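Encoded as structure tokens, the structure appears first; notes follow it.
The values are calculated or read from the model by the stated rules, or taken from the named source; none is laboratory data. Being a predicted model, the structure only gives us computed values, none of them experimental. Cβ sites come from the backbone with ideal geometry, for glycine too, and all protein chains shown count toward neighbours.
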Amino acid sequence: MCSFFHYNLVVVFVCVNYGAEYGMGGQPSIHGDVYSFGVLVLEMFTGKRPTNELFGGNFTLNSYTKAALPERVLDIADKSILHSGLRVGFPVLECLKGILDVGLRCCEESPLNRLATSEAAKELISIRERFFKTRRTARR
């Protein structure tokens with residue numbers, strides 16, 4: 001499993017999910033790619049797949065994550081993230097909220113309401129930079 005909280009962040013993206021519009025006869029597009037990326041982000045940080053037995057009907061990985069934001073983020077976060085040796089004082093809650101929010105905004109039902117790929121990248125980089133700044137400050 002990849003970890004956002006690693007010094008040498010390397011992201012490998014393989015498109016395995018399809019945007020909601022594909023199931024409705026829509027054409028492949030960059031909007032579908034961003035949807036897939038959002039699902040991947042939600043999977044990585046919750047540790048749950050969209051096909052998990054927990055989900056069914058209208059209860060999806062997206063609705064599960066939405067229901068937890070912002071107050072119950074730690075309840076849905078993959079426990080391996082929480083036990084990865086983070087230093088005391090690290091703002092894990094704020095980082096997780098930001099990351100999951102990006103994932104959800106990439107997974108909007110309407111392709112036109114989804115984050116652009118460049119915006120998702122900018123937001124995730126900003127979260128990473130805040131993390132590194134916090135880590136450097138905490139070490140001093």
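Yes/no per residue for (1) hydrophobic (A, V, I, L, M, F, W, C); (2) surrounded by 14 or more Cβ atoms within 10 Å (Cβ to Cβ); (3) in contact with a Ser or Thr (Cβ under 9 Å, 6 or more places away or on another chain); (4) closer than 17 Å to residue 37 by Cα:
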| site | (1), (2), (3), (4) |
| --- | --- |
| 83 | no, no, no, no |
| 92 | yes, yes, no, no |
| 98 | no, yes, yes, yes |
| 104 | yes, yes, yes, yes |
| 107 | yes, yes, yes, yes |
| 110 | no, no, no, yes |
| 118 | no, no, no, yes |
| 123 | no, yes, no, yes |
| 132 | yes, no, no, no |
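Scanning the range 33-61 for residues that are at pLDDT below 95 and of a type in the set (S, T, N, Q) turns up 36, 51, 52, 58, 60. On the stretch given as the range 107-135, residues that are of a type in the set (Gly, Ala, Ser) and free of Cβ contacts under 8 Å to residues at least 40 places away in the same chain total 4. Quick check on the range 64-102: of everything there that is modelled with pLDDT of 95 or more and among the hydroxyl-bearing types (Ser, Thr, Tyr), which residue is farthest from the chain's Cα centre (by Cα)? Step by step, filter the range 64-102, then rank; the result is 64. Among the residues of the range 58-87, just one is touching a residue at least 40 places away in the same chain (Cβ under 8 Å), among the aliphatic types (A, V, I, L, M) and assigned to a helix (DSSP H, G or I), namely 81. Put simply, of 100, 96, 112, 124 the only residue that is farther than 14 Å from residue 41 by Cα and part of a helix (DSSP H, G or I) is 112.
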